[in-house]
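Novice: Got a structure for you, written out below as C-alpha cells; questions coming shortly.
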Amino acid sequence: MKSMNEEVFALRAGSTQYQNPKFEFSRAVEQAYDFQRNSCEVYKRFLDAFDRTFDPGDWACLPFLPVTAFKDTPVRCGSWHPEVIFRSSGTSSSIRSQHWVRSVTDYQMHTIQLFEQRFGSLKDFRIFALLPNYLEAGDSSLVTMVRGFMDHTQQSQGFYLHDFAQLQHDLLKAAGEQRILFIGVTFALLDFATKFNTSLPDDTIILETGGMKGRGQELSRTDLHSYLATQFGTGNIYSEYGMTELMSQAYSDFNGKFVPPSSMSVSMREINDPLTESKPGKVGVVNIIDLANIDTCCFISTSDLGIKHRDGSFEIVGRLEQSDIRGCHLMYLQ
C-alpha cells in the first residue's frame, strides 16, 4: 500500500494516473487538502483566519485561496527551488502573479496529456503559434506549453510575432502536407484573420486564448468563433482556458463551453458569500480545484465570473471588479 505522501506526490503534473479511468478524483481532493493545509504556508495562514475546521469531503464548504495571493509571495508546499517561475501578463507598472514550478518537463508533459485527451495525438499536427506579448515576455506558461507541444512533435519552429505575410505563406504551404493546429492570442488572431483572409482545410483546429488584452472591444465567444470560422473556412474553432497560476487547462466544446479535464474541477461561488456554491446556471465567481497544483495550491478562487451547467461544463462571462470583492478575498487582503 502506498503511503499518503506517495499518493499525494503522484498527483504532480505529468502523472499518468490522470489518464487512468479508475482515478478517484474525490479521494485525491481529500488527500490534497489534508496535505496542503499543513504544507502550504500561504494556504495554511488563509485557513487559520477562518478559525474553524473544514471537511474536505464537502467541496462546497472549502475555502479557495484568492488568486491574488500569487502576487504577494511564493505559494508552495514545503521548501524547494523552482526550475522556472511563470509570470502573468501585465504592464510594467502592475504587480504580476508568479507561479513557482518545480519541473518544466512535468508541466509540459501534463499539458500534452490534457491536449491529447481532448483533440488526439499532437504528432498528427503541424503547429503554428501567434502569441505576441507572451512570446516577448519570456516567462509565460502559455509559451512554455506550446514550446512543449512543438518539442513533442520534433518541430523546430512555429512561433510568429508580426510577420503576417510569412505566417500566411507557411500556413498555406503546410495545408497540403499535414493537419494544422493554429494557436493564437485572441487579439492577434482577429488581426491576422481580418488582414489576411486565409482559407484553411476543414480539419484545421484554431485554438484561441488570452482575450483582447485591451486591444479592442471584447466579443462574445459565439461571435468570435463565428467570425474566425468565416475567415479561416473551418468550423473547428476552440478556446483554451488556463492561467499562470494553474498547471491544467480546459478546452471548449463545439458550443463554446469549457469542459474541465481529468485533473480539474470547477465550481461557482456566490460573489458576496464565497463559502456558498452558486446554483447551476447562475453567475458566480469561478473556483478551481487543480490537482496538478499539488506543489503549490490546488484550491484557487479566480477573478473570473462564470456559469456552471448541469453537465459540468462552464462558461466565462466576465471579470470580478474590485468593488465586488467580498468574503474570502477581503479576508486574504486584510
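Novice: With respect to Leu207, determine if the residue is within 20 Å of the chain's Cα centre (by Cα), surrounded by 17 or more Cβ atoms within 10 Å (Cβ to Cβ) and in contact (Cβ under 8 Å) with a residue 40 or more places away in the chain.
Specialist: Yes.
Novice: Can you pull out the residues in region 222-253 that are touching a Lys or Arg at 6+ places or on another chain (Cβ under 9 Å), of a type in the set (Ser, Thr, Tyr) and within 17 Å of Asn293 (Cβ to Cβ)?
Specialist: If the condition is that a residue be touching a Lys or Arg at 6+ places or on another chain (Cβ under 9 Å), of a type in the set (Ser, Thr, Tyr) and within 17 Å of Asn293 (Cβ to Cβ), then Thr244 is the only one that fits.
Novice: How many of the residues in region 1-49 are assigned to a loop (DSSP other than H, G, I, E, B), at pLDDT below 90 and under 19 Å from Val75 (Cα atoms)?
Specialist: Total satisfying the criteria: 3.
Novice: Next up: For region 125-151, what are the residues that are within 23 Å of Pro201 (Cα to Cα) and either at pLDDT 95 or above or among the basic types (Lys, Arg) (or both)?
Specialist: Phe125, Arg126, Ile127, Phe128, Ala129, Leu130, Val146, Phe149, Met150
Novice: For region 97-116: of the residues being surrounded by fewer than 18 Cβ atoms within 10 Å (Cβ to Cβ) and in contact with a helix residue (DSSP H, G or I) (Cβ under 7 Å, 6 or more places away or on another chain), which is nearest to Asp139 (Cα to Cα)?
Specialist: Val104
Novice: I'd like the residue in region 131-168 that is in a loop (DSSP other than H, G, I, E, B) and among the hydrophobic types (A, V, I, L, M, F, W, C) and, out of all such residues, is surrounded by the most Cβ atoms within 10 Å (Cβ to Cβ).
Specialist: Out of the qualifying residues, it is Leu131.
Novice: Hey, another quick one. In region 24-79, what residues are within 22 Å of Met243 (Cα to Cα), surrounded by fewer than 19 Cβ atoms within 10 Å (Cβ to Cβ) and either in contact (Cβ under 8 Å) with a residue 60 or more places away in the chain or among the hydroxyl-bearing types (Ser, Thr, Tyr) (or both)?
Specialist: Listed by number, the residues that qualify are Phe25, Thr68, Thr73.
The values are calculated or read from the model by the stated rules, or taken from the named source; none is laboratory data. All values reported here derive from a predicted model rather than from experimental measurement. Methodologically, a virtual Cβ is constructed for each residue, glycine included, from the backbone with ideal geometry; neighbour enumeration extends over all protein chains shown.
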